[in-house]
Structures are given as C-alpha cells and as structure tokens.
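The values are calculated or read from the model by the stated rules, or taken from the named source; none is laboratory data. None of these values were measured; they are calculated from a predicted model. Glycine also receives a Cβ, built like all others from the backbone with ideal geometry; neighbour counts cover every protein chain displayed.
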C-alpha cells in the first residue's frame with residue numbers, strides 16, 4: 001500500500017516520475033550485466049532463464065528489423081511452370097514471422113527451402129531440381145535460375161561490403177543484395193553453375209561463403225545432424241561464448257602448433273644427420289683437423305660429381321627425347337640430396353648406358369642375320385639355297401624332259417614370290433642400317449646424345465663407394481654425411497643449438513594455450529548449465545512435461561590436440577514414482593525426430609544463431625577475416641521446413657509461440673501443415689497449383705503460384721488446414737479464433 005501510494009504521488013510529479021523510471025530501468029538492466037564492445041555489439045549476458053530474453057542477448061541487439069529476405073524467385077526449378085509471363089515463381093516476404101502453407105505436393109519446401117539450398121551454393125543438385133526424375137530426360141541448355149533478394153543494414157551491411165570488396169564486386173549504396181545462381185545442363189549431363197551477386201559474376205565458392213551465413217534452413221534431418229555430431233554440439237555451445245575468448249584460444253592454439261612444427265622440423269634435421277662411424281664428438285684440435293680433412297676430401301669429390309652432372313645437364317638441353325633416369329640425375333643436387341636420390345639416379349644412368357650399348361649390338365646382329373652374305377645363317381643365304389632347290393624341282397638334262405608347261409608356270413611363280421621376299425629383305429636391311437629413322441640409326445642417335453662412356457661412370461661410382469666404405473656409411477648417404485660434417489664443424493647452428501630453445505618455446509606456448517583453454521572450458525560449462533536450465537523450462541510448453549534436457553561438458557584435460565566434448569542428454573522422469581531416477585541417454589540415440597526438432601527450436605530460442613553455427617563447422621573455415629566476420633554473425637533468417645511434422649495439440653501452439661518469440665531477433669519462415677503455427681505468423685503465403693478445367697492435368701499445363709493471403713482468404717486457408725473440406729463453417733470459426741488468440745498473445749508479449 002505504501003509503495004502504491006508513493007507511485008500515485010509520483011505520478012503527480014513529472015520530474016520524480018522520470019527519475020523513478022530511470023532507476024527502475026537501471027535495476028532491471030543490472031540483472032543481466034551486459035558488456036559492450038567497441039563496435040556496440042554486446043557480449044554474452046545471463047538473464048534469468050524463465051524470461052523470454054535469449055541467452056545470447058548481444059545477438060538480438062546486433063540484429064535489426066531491416067535485415068531480412070525480401071524475395072525468392074525461381075525459374076524452371078524442378079520443371080515447374082508459373083502463370084506469370086516471365087515464368088518466374090516469386091515469393092515476397094516481410095520481416096517477422098512468415099508462414100508458408102499449401103496442399104501436400106504443392107511445392108512449399110521446393111520453392112523455399114530447396115530454392116535457398118540452390119542459391120546459397122548447395123552441392124549435389126539432384127536431377128529432380130533440374131526438371132526430371134530421370135537424368136536422361138534433363139533438357140540440355142535450359143537453365144534453372146534461383147534468385148535471392150536480401151535487405152541488409154548495420155553490421156550485416158558492413159560485413160557484406162567488406163567481403164564484396166575482397167572479391168572485387170562493386171559495393172551497392174543501398175542495403176539491397178541480389179544473389180543469383182543459374183544451373184545449366186551441358187553435354188554429358190554435367191551441370192554448370194553461373195553465379196552472380198548484384199549482377200556481377202562471382203565464383204560458386206564466393207557465393208557460398210557470402211550467403212550460407214545469412215540464411216539457415218532447418219528440417220528434421222538437419223536437426224538430427226546438428227544434435228548428433230560432436231563438433232556441431234560444441235559449435236552450439238560456442239555460439240554463446242565470448243567471441244574474444246574464442247579468438248584468444250584460436251590464436252594460442254595456432255601459436256602452439258607453429259612452435260611444435262618448428263621443434264619437429266629441427267628434430268627431423270638432426271635425425272637426418274649422417275656422420276662417419278669413426279666420428280667422435282670433441283672440440284680438441286686433432287679432432288677438428290680430422291673433420292676438416294674429411295670435409296675437404298668430400299668437397300673435392302662433390303665438385304667432381306657436380307661437374308659431371310652439369311655436363312649431363314648441358315648435353316640434354318637440345319634433346320627432344322630424354323630417358324627419365326638421365327633426366328633425374330641431371331636434376332639432382334649434391335647439396336640438397338636429403339633422400340639419397342643422387343647416387344640411385346647415377347646407378348640408373350649407368351644402367352641406361354649399358355642398355356643402349358646392348359641394344360645397339362642386338363640391332364646390328366639383326367641386320368647381319370637378315371642380309372649378310374658372308375653368314376651361312378643369314379636370310380639372304382637361305383633364299384639363295386631356296387632358289388637352287390626350285391631350279392632342281394623343274395628338272396635338268398634327261399630328267400628335264402619330264403617337265404610340263406604347268407610345272408614351268410609353277411616354278412616361275414615360285415621364283416617371282418621368292419624375288420619379292422628377297423626385295424623385302426633387302427628393303428628391311430637397308431631401313432635398319434641406312435635410313436635416318438631406322439632401328440640402328442635411332443639407337444645410335446640415342447647413344448650419341450649421351451656422350452659418356454661406361455668407364456667414366458664406373459670410375460665415379462667406384463670412388464663414391466670407396467668414400468662411403470671409408471666412413472662406414474651407405475653410398476647414397478654420402479652427400480648428407482658431407483653436410484652433417486660441415487654442420488658439426490660450424491656448430492650446427494641450424495639444428496643442435498636451436499633445439500633447446502625450440503623445446504622451451506613449445507612448452508611455453510603449450511602452457512599459454514592450456515591456460516586460456518581452461519578459461520574457455522569454464523565459460524562453456526557456464527553456457528551448458530544455463531542452456532540446461534533454460535531448455536528444460538521450455539520443454540513442458542512443447543509437450544515434453546516429464547523430460548529433462550542436459551548439456552554436459554567433458555574437459556579436454558592436458559591433451560593439446562583434443563577439445564572439450566559436449567553431450568546433449570534427454571532424460572524422462574518416472575510418472576508413477578517421482579523419487580525414482582530419470583531414465584534416458586544421449587539425445588541422438590534415444591530421441592525421436594519430433595523430439596529433436598522441438599528441442600532444437602528451444603535451443604535456437606535461447607541461443608539465436610546456434611543452428612547456423614553448428615552447420616558452419618561442416619564447411620571449410622577460411623582465414624579470411626571478412627568471411628570470418630560474416631560467419632560470426634547470426635543468420636538474418638531461419639527457415640523451418642516442416643519441423644512440426646511430428647507435433648500437434650498444445651505442443652504445436654507452444655512451437656508457434658516460440659517461433660514468434662524468435663522472430664523478434666531474426667526473420668522466421670515456417671513451412672508448416674499446422675494451423676496453430678500458421679495462425680501465429682505475421683504474414684501468410686499459400687503455395688498452390690492451378691490445373692486447367694478442360695484438360696487433363698499434367699506437368700506441362702500445371703501452373704504454380706505463391707499468394708499472400710489476408711483476412712477472409714487467410715481464414716479460409718487456416719480452416720482448410722484444420723479440417724480439409726469437413727465442417728467448413730465450424731472450421732472457419734475455429735480459424736478466426738486461432739487468429740484472435742494469436743493476436744492477443746502478441747499484444748501481451
């Protein structure tokens with residue numbers, strides 16, 4: 001009574017009323033202890049979970065009622081035809097919550113959710129989206145076009161402009177962004193993407209990076225994926241963690257990994273050291289002099305090898321055809337031979353020389369076997385013997401009288417054929433020996449292009465092996481031994497002296513990383529505790545009165561390469577015995593698809609943008625700051641694609657209320673079959689198919705339209721959703737009641 005009287009007195013005094021208002025506002029604001037950044041974006045605060053304010057209050061403050069999807073236009077998507085002259089199916093949106101309804105099969109999901117997947121760079125486009133259930137029926141050259149119009153301002157417009165500048169796209173003076181992707185089927189059934197931002201062509205990669213963080217599509221399958229993958233669950237928690245702390249952890253992790261890689265590189269360098277078997281670690285003069293002797297000796301041999309290698313390299317500069325082994329040796333280098341490849345290449349080089357010499361001898365033997373008259377085994381000698389035998393077959397002297405005209409003709413024909421064989425043998429012999437492209441000349445050319453004797457190569461290999469035996473190492477390691485000796489003589493500043501400092505730096509970086517990572521773990525636990533309380537308090541509203549949601553964090557410990565583990569648990573209290581422990585387990589294992597969808601909606605209401613964050617971890621993260629800035633912002637629009645499919649009754653009404661609540665922070669587009677959810681929307685669009693009255697309905701003559709409905713038309717649509725064609729009058733009255741109660745709820749909130 002005293003407080004009431006004081007308030008009445010204050011109402012008579014405008015100045016005192018203003019002071020009291022300021023004090024009450026200050027007290028109210030102090031309960032959430034929000035922190036501001038230099039950009040005016042708020043860090044995470046913790047309002048009580050029973051209030052409608054989401055956990056990530058700064059996300060809501062970063063958003064603006066001017067950031068939303070303005071329209072989606074599609075042409076030829078899945079072969080659909082429009083009644084418009086340009087054959088475009090156009091869906092215009094307003095900010096707030098929009099309901100998309102229509103009969104089953106009308107194309108609600110196709111022209112909103114699937115169209116958004118296409119225009120935001122989705123891969124694996126099915127042939128159904130290109131207009132056919134059979135890939136063989138897809139029309140070549142007929143483009144499928146999807147266009148998305150976004151209205152941006154504030155932080156989103158600033159981030160978008162920064163990103164567009166990096167990819168060379170002109171920045172618009174207004175906040176209107178038009179994204180377009182055309183899919184053209186080419187020969188071979190390949191699909192080509194042509195992407196534009198504000199009528200300027202960009203790559204598919206750029207379009208994806210720009211758009212995927214702006215829009216999130218949630219359906220039953222994606223909801224299950226967001227809750228089942230460990231990295232996605234962690235991303236949901238991290239969406240409420242201080243961005244500065246996450247950045248600090250990432251920087252510390254990167255610095256630690258760089259220090260670790262540096263230490264590992266030094267250790268690899270030390271492991272590569274190859275020293276003589278008689279080497280003794282000592283700084284006395286005698287040992288240093290011995291080391292210098294070895295280095296000089298190997299240096300002289302190194303120069304000899306390098307001179308020979310340079311001769312080989314010069315000899316093959318003008319050659320069109322070079323054997324791989326010769327090329328490998330010509331490209332090798334004593335000073336950079338870490339794998340011992342130079343000795344192996346020289347051995348292969350020797351094998352090539354031996355092989356060429358053997359091939360030349362074989363070709364000459366083939367020529368001799370074919371045409372040498374001095375050889376009893378040559379083909380020409382065999383022909384002469386054959387000719388003599390043919391003459392004998394004709395007969396001579398008294399026996400020749402037995403010859404007949406037919407025998408003479410057969411003998412003459414045999415001589416003709418034998419002459420042809422002899423001519424062919426002479427031609428083959430001439431080709432092998434005299435022709436520029438013949439067998440012998442080709443091998444001789446290859447050998448001439450490699451003007452190195454086998455004796456010279458064997459001498460080099462012999463000395464190489466002798467030096468290796470002297471130092472007790474394998475021949476291929478001789479170049480490495482030479483470098484290792486020089487490093488030892490010079491103090492090994494490249495490895496041995498740097499290792500202790502590298503180990504110390506790695507330990508310091510690891511300690512720093514684990515320290516800041518422990519802070520992140522504590523904040524994640526705080527987020528998990530708040531999320532547990534907030535989501536559990538919402539579950540009765542969605543028909544899960546006896547359920548408990550728990551977000552559990554398992555710390556990483558001292559393992560630098562691991563991360564905290566997040567588990568989402570769903571427990572159910574016993575209806576008969578309240579004292580009995582709740583049963584349940586991991587959500588991804590025991591929850592139904594309907595429960596997952598409802599819980600994800602509760603999570604998104606508490607952590608705006610968390611669903612988009614869980615999807616972002618599946619994409620390749622770039623180091624580009626502008627893209628990171630885009631990804632860091634919550635989506636301007638969330639599309640819920642029939643997540644109410646397994647929900648009805650009071651739970652559907654509660655889901656509608658949550659979607660309305662979420663629409664305060666971002667645009668919400670709900671594709672739904674629930675009249676309760678559709679009635680809660682600020683605007684209502686019906687996707688419908690028009691069939692010709694006098695003709696048999698078919699894909700070619702069916703037209704698709706998206707119509708915004710209000711007043712009577714909206715009431716009729718809600719009535720259809722509620723009861724179909726049954727009890728139309730009662731259904732319309734029920735629809736009117738749904739709209740009225742939804743308006744009352746909005747006015748109260």
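Scanning region 104-115 for residues that are part of a loop (DSSP other than H, G, I, E, B), out of contact with any strand residue (DSSP E or B) (no Cβ under 7 Å at 6 or more places or on another chain) and modelled with pLDDT of 75 or more turns up at least one hit.
Taking region 730-744 as the range and being modelled with pLDDT under 85 and surrounded by fewer than 14 Cβ atoms within 10 Å (Cβ to Cβ) as the test, only 744 passes.
Within region 441-456, the set of residues being in a loop (DSSP other than H, G, I, E, B) and surrounded by 15 or more Cβ atoms within 10 Å (Cβ to Cβ) comprises 449, 450, 452. Filter region 281-312 for residues that are part of a helix (DSSP H, G or I) and either at pLDDT below 85 or over 28 Å from residue 455 (Cβ atoms) (or both) and give the result. Hits for region 281-312 are 285, 286, 287, 288, 289, 290, 291, 292, 293, 295.
It is to be established whether one or more residues within region 421-440 are assigned to a helix (DSSP H, G or I), at pLDDT 80 or above and under 56 Å from the mean Cα position of the chain (by Cα). Checking region 421-440: at least one residue is assigned to a helix (DSSP H, G or I), at pLDDT 80 or above and under 56 Å from the mean Cα position of the chain (by Cα). So, of the residues in region 146-160 that are assigned to a helix (DSSP H, G or I) and touching a helix residue (DSSP H, G or I) at 6+ places or on another chain (Cβ under 9 Å), which turns out to be nearest to residue 181 (Cα to Cα)? That would be 160. Restricting the search to region 166-188, which residues are in contact (Cβ under 8 Å) with a residue 60 or more places away in the chain and either exposed (fewer than 14 other Cβ atoms within 10 Å of the Cβ) or over 20 Å from the mean Cα position of the chain (by Cα) (or both)? If the condition is that a residue be in contact (Cβ under 8 Å) with a residue 60 or more places away in the chain and either exposed (fewer than 14 other Cβ atoms within 10 Å of the Cβ) or over 20 Å from the mean Cα position of the chain (by Cα) (or both), then 166, 175, 176, 179, 180, 183 are the ones that fit. When only residues in region 542-568 that are surrounded by fewer than 18 Cβ atoms within 10 Å (Cβ to Cβ) and touching a strand residue (DSSP E or B) at 6+ places or on another chain (Cβ under 6 Å) count, which is modelled with the lowest pLDDT? Among residues in region 542-568 that are surrounded by fewer than 18 Cβ atoms within 10 Å (Cβ to Cβ) and touching a strand residue (DSSP E or B) at 6+ places or on another chain (Cβ under 6 Å), the one modelled with the lowest pLDDT is 546. For region 415-440, a tally of residues being crowded, with 17+ Cβ neighbours inside 10 Å and over 15 Å from residue 368 (Cβ atoms) returns 1. Do we find that residue 635 is touching a strand residue (DSSP E or B) at 6+ places or on another chain (Cβ under 7 Å), modelled with pLDDT of 70 or more and part of a loop (DSSP other than H, G, I, E, B) in this structure? When the stated conditions are applied, residue 635 passes them. Each residue in region 161-174 was checked for being at negative phi and in a loop (DSSP other than H, G, I, E, B), and 7 of them qualify.
Could you go through region 339-354 and let me know if any residue there is on the phi > 0 side of the Ramachandran plot and within 50 Å of the chain's Cα centre (by Cα). Yes. Of all residues in region 218-234, those satisfying the criterion of being under 24 Å from residue 644 (Cβ atoms) and either within 19 Å of the chain's Cα centre (by Cα) or part of a helix (DSSP H, G or I) (or both) are 220, 221, 222, 223, 224, 225, 226, 227, 228, 229, 232, 233.
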